[in-house]
Ligand code: ADP
């Protein structure tokens, strides 16, 4: 029997402590395998918390949370994570950074050399295999971090505002790159962002969260053909999705004129 990649029923999360924040107030969702899901909401609404719960890095307080049909109890197998800060180890070459999860899992590194080469080709980093992180630009470092998350063929790739620290131009480029990589790998992706345009550009589905405590307000299917060029953002269809989501945030009393929540 095939299970959804991620199944959440009434997931609640209260951080411990006297001033323990309630971060999630009942999130329910079923995420089909192979989908690219954007998780969109204002800062502090619990998006990262939800992702960390799926990654098994935080315990849920209440509800049900399954990955591939199994309740999450600690980091599940087959999950890759990319954070906002790339967390590359400065003293290891790019190739050796990418191989880190393989070493941690005590798998034979030699069996993954080809895979690493393929990922370096896929992300345009082939000439930087033996370079050190300090020799790479921000966008290149984040591409290396994506390679590291993909090296062990994860079914589920979790991305927490991975391009948040990049300039707007590099961020656009990375959106196109990520789509290209995903069209090849076709794993399930949960991509956290607070940018409406980025969420619509990348997502098959956009999950819109309310302000804290986070609830799922609406799940929107983005029916735009792929591969999507950056110019799709100027199309009327794209504009309609953005306007619809902006309307949701306006109704919640949020939003600034940049269109970010
Ligand atoms: P987002 O990713 O949407 O910006 P987060 O999930 O990071 O939101 O945070 C949601 C809320 O939970 C915030 O109020 C934040 O301060 C709080 N929070 C996040 N992590 C912790 C933690 N480890 N301990 C206590 N509170 C936390």
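The values are calculated or read from the model by the stated rules, or taken from the named source; none is laboratory data. Everything numeric in this text was worked out from a predicted model, so none of it was measured. Here the Cβ positions follow ideal geometry from the backbone for every residue, glycine too, while neighbour counts run over all protein chains shown.
What about residue 59, is it more than 11 Å from the ligand (Cβ to nearest atom), more than 17 Å from the chain's Cα centre (by Cα) and loosely packed, with under 15 Cβ neighbours inside 10 Å?
Numbers: more than 11 Å from the ligand (Cβ to nearest atom): yes; more than 17 Å from the chain's Cα centre (by Cα): yes; loosely packed, with under 15 Cβ neighbours inside 10 Å: yes.
Yes; evaluated as a whole, the condition is true for this residue.
Which residues, taken from the stretch 5-43, are within 16 Å of the chain's Cα centre (by Cα), within 15 Å of the ligand (Cβ to nearest atom) and surrounded by fewer than 18 Cβ atoms within 10 Å (Cβ to Cβ)?
The one that is within 16 Å of the chain's Cα centre (by Cα), within 15 Å of the ligand (Cβ to nearest atom) and surrounded by fewer than 18 Cβ atoms within 10 Å (Cβ to Cβ): 43.
Looking at the stretch 164-188, which of its residues are in contact with a helix residue (DSSP H, G or I) (Cβ under 6 Å, 6 or more places away or on another chain) and farther than 16 Å from residue 228 by Cβ?
Once the filter is applied, which keeps residues that are in contact with a helix residue (DSSP H, G or I) (Cβ under 6 Å, 6 or more places away or on another chain) and farther than 16 Å from residue 228 by Cβ, the stretch 164-188 yields 166, 170.
Condition first: more than 21 Å from residue 79 (Cβ to Cβ) and away from the ligand (no atom under 16 Å from the Cβ). Now tell me which residues in the stretch 190-207 satisfy that.
Result: 197, 200, 201.
Could you check residue 92 against (1) at pLDDT 95 or above; (2) assigned to a loop (DSSP other than H, G, I, E, B); (3) out of contact with any helix residue (DSSP H, G or I) (no Cβ under 8 Å at 6 or more places or on another chain) and say which number it fails?
In the conditions (1) at pLDDT 95 or above; (2) assigned to a loop (DSSP other than H, G, I, E, B); (3) out of contact with any helix residue (DSSP H, G or I) (no Cβ under 8 Å at 6 or more places or on another chain), residue 92 misses (3) alone.
Of the numbered conditions (1) out of contact with any helix residue (DSSP H, G or I) (no Cβ under 7 Å at 6 or more places or on another chain); (2) part of a helix (DSSP H, G or I); (3) without any contact (Cβ under 8 Å) to a residue 40 or more places away in the chain, residue 232 satisfies every one except a single condition; which is it?
The one condition residue 232 does not meet is (1).
Could you tell me which numbered condition residue 255 fails, if it satisfies all but one of (1) touching a helix residue (DSSP H, G or I) at 6+ places or on another chain (Cβ under 7 Å); (2) closer than 30 Å to residue 78 by Cβ; (3) free of Cβ contacts under 8 Å to residues at least 24 places away in the same chain?
(2)
Taking the stretch 154-174 only, how many residues are touching a residue at least 12 places away in the same chain (Cβ under 8 Å) and out of contact with any strand residue (DSSP E or B) (no Cβ under 7 Å at 6 or more places or on another chain)? Reasoning before the result, please.
Taking the stretch 154-174 first, the residues touching a residue at least 12 places away in the same chain (Cβ under 8 Å) are 154-167, 170-174.
Then keep just the ones that are out of contact with any strand residue (DSSP E or B) (no Cβ under 7 Å at 6 or more places or on another chain); that gives 163-167, 170-174.
Result for the stretch 154-174: 10.
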